[in-house]
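The values are calculated or read from the model by the stated rules, or taken from the named source; none is laboratory data. It should be emphasised that the depicted structure is a prediction, and the values quoted were computed from it without experimental measurement. Positions of Cβ are generated from backbone atoms using ideal geometry, with glycine treated the same way; all protein chains shown enter the neighbour counts. What goes into the accessible areas is simple: the full protein's heavy atoms, side chains included, and nothing from ligands, DNA or RNA. Shrake-Rupley method; radii C 1.70, N 1.55, O 1.52, S 1.80 Å.
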Amino acid sequence: MVSGTQNREKLKKYINNSSIWHFQENNLKGNIKILTLYTLLTFILTYPVIFKIRTHIPGGGDAFQWIRSLWYTPAAILNPSLTKLTHDYLIFYPYGVPISPLHSAFNQIISYILSIVIDIHIAYNILWLFSFIFGAYGTYLLVKYLTNDIPASFIAGLVFAFSPYHFVHSLGHLGATSIEWIPFCALYLMKMFKEGGIRNSFFAGIFFIFVAMSDLQYMVFMGIFVLLLFSYEIYFVLRKEKKDYKEKLKRIFYKYSLFGLISFSGLIPLTIESILTATSNENFLKLDPFQAVMFSTDLLSFFLPSILHPIFGDLTTNVYGNFSGNFSENTTFIGYTVILLSLLATRRLKENKYVKFWSISALFFSLISLGPLLHINGNTSFTVFHTTVPLPHLALYYLIPFLDNCRTTGRFFVIASLSFAVLTGYGVSELLKSSKNNKKIITIVISSLIIFEYLAIPFPVSAVSQPSFYEEISQDKDNYALLEIPATLNYEAGVSVIYYQTIHGKPVVGNWAARFPSNARDFELNTPVVKELTYLQPFTVDILNQNINQVGTSVLNYYNISYIVLHKNYMDDNEVDLAERLIQKSVKMEREAYEEDSLIVYRVKREPVKPFMILKNNWYSQEEWDGVPTRWISNNATLMIYSDEKVNKTLSFRILSHYNIKNIEIYAGDDYFKETIATDFTDVKIPLSLKEGENIIEFSTREECFSPAKIGDSQDTREFSFAIQNITMS
């Protein structure tokens, strides 16, 4: 007989042999130690982020736009008279742009709670660090469930959380950085697969919601992962189960139906605004299909260390420069150590149905991340015949709802990254089984190799500044707008300076958003003074015959634009000189320089608004015809005339009809005019009765408009009705 003491000794020995530095399995203390270790590794491998958490943010550029996005949600809720949760009036002033209110709900909610007691950029940094710590911990729990091997699970956590994919997106894409809930969702999906049960379906659905609350694009990817797992389960039952397969299929449909019910109940409030936009006739979320090709992964990127690597980065930068898109969307290096361990797992455990599934998942999502067409070193066509190689993503693009709204196909690799992490866990576990006496050394060596391949130290950071000008106007309770130069012309400037809105809270003209309607920039493109300053171009009369020097101040006052701010650190000397000459020529201003912040600020003088004209909606861009400014319109366009009194005026302009003779209808308040327009320029004059304030004049036709491409004149697909010149008020 074996005594109780002997049994206890055997149990103690077993636990010690299946631990990493005596971290005990299945207890709170062991999990706390694992979390602590991942936290310390996060601080080390993201150096110097934690040491500059109060003064800097990781990355830059888009990161500042994300901070502003996190700030905007409570700002919209608390200031409904100023802006809306579903329509952002604080950018693209004065008309704003529609937005998805809960595009990253988890980050939005947590940042709001944290920002009550700390600065918003520190809240951003905490969320950023959280993604590494819990991304690793979730993967650890997943692989520990599958392998019951703590060292292997620990290494798997390193693979997923500290992958080059995660690091490069951490430079500015908080949504793509927020990978932490993906392994938790996968954990309960695996439990659904292995055990079934209502509890597992419930928590899989809850964590699927958390994935969606982190990034809506990841929701789509995780949804495809679920479909893959669902299909695999059915295939496995039909192939392996000869008896009672109908009952097993019923259980499969039941548990996935429960998962779906839980998931959709939480997803509807998160996605309803995006769904309505995506299914509307004005779906601005859907981009040019070519962008799905541009932002696909290059085949070489699977084998190239990240440009953030302190040793190899200089060697790979030039190669990454050959790829389309940008290096953030092209970095899918998983590491040679991980590839070898994954191959070991698939070879030794080729009969294991779970290893088979994760192998399929790794290959499938790696393949999908390559996009619709194969890229090799930036090339998508090969041989003298310019042959292209279509890939499976091309089929998914048409089959999966809303996938045509996802332009960054390279991000599919996030699921492949998790799959490789799981396979690595299996591979390490197999390796440790064959080396029982050297587990600790093997674990340290493998961990060190993976960390070395993934290194991104020192991680780039950007200083967070608070220019004194913005602090000054933050104390001003009046609401007015700022025109910031060159926020629209220079994307880097726009996404960086928009952070200052979290300080001053005032609307800004133009700037940038991830997605916006095609007419969002009409105000900048069509408004005198605003257009020239926004795009740093000399004044032109456009098709409006008015003296810009006389109406410039009135235009800005009418739209309540009180300050023009020049950001010298984003402009060269010639651009600063041009902007100052434009301002001084057309606007009555008070100038003040903030040298320590590299700002020049002009305050618009308040004065009575004089009459002026502005092109409003649906005008095509200005063209020069024999030196005369000309614009096309399609079936309708509008002109705004501001009058400082009730008065009768005459509106005159030159106009021709495109392709054939058409009737133009002009609506001006209660007045209506109709003219027949020939295909040669005709002078038209109409009497107007203007009211005090804003008067909208609409030009329209009910007849068919033709594009030059349709009638064979050129490849231009724009539909034209009339070309208009020299609009004059007299």
Trypsin sites (Lys or Arg not before Pro) within the stretch 244-291, DSSP loop, no more than 16 other Cβ atoms inside 10 Å: LYS286
Using Cα centres only, tell me the gap between the stretch 64-108 and the stretch 558-578 in whole Å. 25
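Compute the projected area of the convex hull of the Cα atoms of the stretch 605-730, averaged over all viewing directions, and report it in nm² to one decimal place. Mind showing how you got there, number by number?
On the way: hull surface 35.3 nm².
Hull-based average projected area comes out at 8.8 nm².
To one decimal place, what orientation-averaged projected area in nm² is obtained for the convex hull of the Cα set of the chain? Walk me through the numbers before you get to the answer.
Numbers: hull surface 159.1 nm².
Spelled out: convex hull of the Cα atoms, projected over all directions, averaged, 39.8 nm².
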Ordering PHE722, PHE420 by how much accessible area each has at a 1.4 Å probe, largest first, what is the list? PHE420, PHE722
Simple spin-label estimate for ASP572 and TYR398 in nanometres, 7 Å along Cα-Cβ: 4.7
Values of log10 I(q)/I(0), in the order q = 0.10, 0.13, 0.14, 0.17 Å⁻¹, for the stretch 294-418 under a Debye, Cα-only, solvent-free model: -0.35, -0.59, -0.67, -0.93
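For THR55 and PHE706, FRET efficiency with R0 = 51 Å and r from the beta-carbon atoms, rounded to 0.05?
Working: r = 59 Å, r/R0 = 1.16.
According to the calculation, E is roughly 0.30.
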Provide, in order from the shortest bin, the percent of all Cα-Cα pairs of the stretch 469-550 in each 5 Å bin, continuing until the bin that contains the maximum pair distance. 3, 13, 22, 21, 18, 13, 7, 2, 0
Quick one: check the C-alpha center-to-center distance for the stretch 372-401 versus the stretch 430-483, whole angstrom. 34
Extension gain (nm, one decimal) between ASN660 and ASN27, 0.36 nm per residue minus Cα-Cα: 219.7 nm
Which value in nm describes the separation of the simple spin-label points at GLU590 and ILE686, placed 7 Å from the Cα toward the beta carbon? 4.3
How much length is gained if the chain between LYS674 and ASN636 is pulled fully straight, taking 0.36 nm per residue apart and subtracting their Cα-Cα distance, in nm to one decimal? 12.3 nm
Taking the stretch 171-298 as the region of interest, what is the percent of Cα-Cα pairs per 10 angstrom bin, listed from the shortest bin to the one with the maximum distance? 12, 35, 30, 18, 5, 0
Could you tell me the largest-minus-smallest coordinate of the C-alpha atoms of the stretch 550-627 on each of the three principal axes, in descending order and whole angstroms? 43, 33, 21
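How many Å² of accessible area per residue for the stretch 124-205, probe 1.4 Å? Show your work: numbers first, answer last.
Values: 1440 Å² over 82 residues.
Normalised by residue count, the accessible surface of the stretch 124-205 is 18 Å².
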So SER231 and SER474, fully extended at 0.36 nm per residue minus their Cα-Cα distance, gain in nm 81.9 nm
For the stretch 440-520, what is the accessible area per residue in Å², given a 1.4 Å probe and the full set of protein chains? 39
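Looking at the stretch 17-155, what % of the alpha carbon pairs are farther apart than 26 Å?
Details: 4013 of 9591 pairs.
When all Cα pairs of the stretch 17-155 are counted, 42 percent exceed 26 Å.
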Over the stretch 120-170, with every protein chain in place, what whole percent of the accessible area is carbon and sulfur at 1.4 Å, could you tell me? 71
Nitroxide proxy distance, nm - points 7 Å out along Cα→Cβ at SER621 and THR717: 1.7
Would any residue of the stretch 675-699 have its amide N under 20 Å from a label point 7 Å out along Cα→Cβ of ASN648? List them or say none. 684-693, 695-697
Within the chain, longest stretch clear of exposed GluC sites (Glu not before Pro) (DSSP loop, no more than 11 other Cβ within 10 Å): 352-644
Given R₀ = 51 Å, what would the calculated FRET efficiency be for GLU580 paired with LEU35, taking r from the Cβ atoms and rounding to 0.05? 0.40
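Of the accessible area of the stretch 667-730, with the probe set at 1.4 angstrom, what percent is carbon plus sulfur? Provide the component values of the computation, followed by the final result.
Working: 1570 of 3690 Å².
The value for the stretch 667-730 is 42 percent carbon and sulfur by accessible area.
Between LEU340 and ILE272, how high is the FRET efficiency from 1/(1 + (r/R0)^6) when r is the Cβ-Cβ distance and R₀ = 60 Å? Nearest 0.05. Don't skip to the end; give the middle numbers.
Working: r = 46 Å, r/R0 = 0.76.
Using R0 = 60 Å, I get an efficiency of 0.85.
Per the Cauchy relation, a quarter of the hull surface: what is the mean projected area of the convex hull of the alpha carbons in the stretch 235-294, in nm²?
Details: hull surface 28.8 nm².
Over all viewing directions, the stretch 235-294 projects a mean Cα-hull area of 7.2 nm².
As a test of the definition: which semi-axes, in Å, follow for the stretch 107-249 when you take the square root of five times each eigenvalue of its alpha carbon gyration tensor? Largest first, please. Spell out each step's value before the answer.
Details: eigenvalues 215, 55, 35 Å².
The answer is 33, 17, 13 Å, longest axis first.
What's the local net charge at ASN695, with K and R +1, D and E -1, over the other residues with C-beta under 15 Å away?
On the way: positive: LYS610, LYS616, LYS646, LYS649, LYS691; negative: ASP644, GLU645, ASP670, ASP671, GLU692, GLU694, GLU698.
Combined, the nearby Lys, Arg, Asp and Glu give -2.
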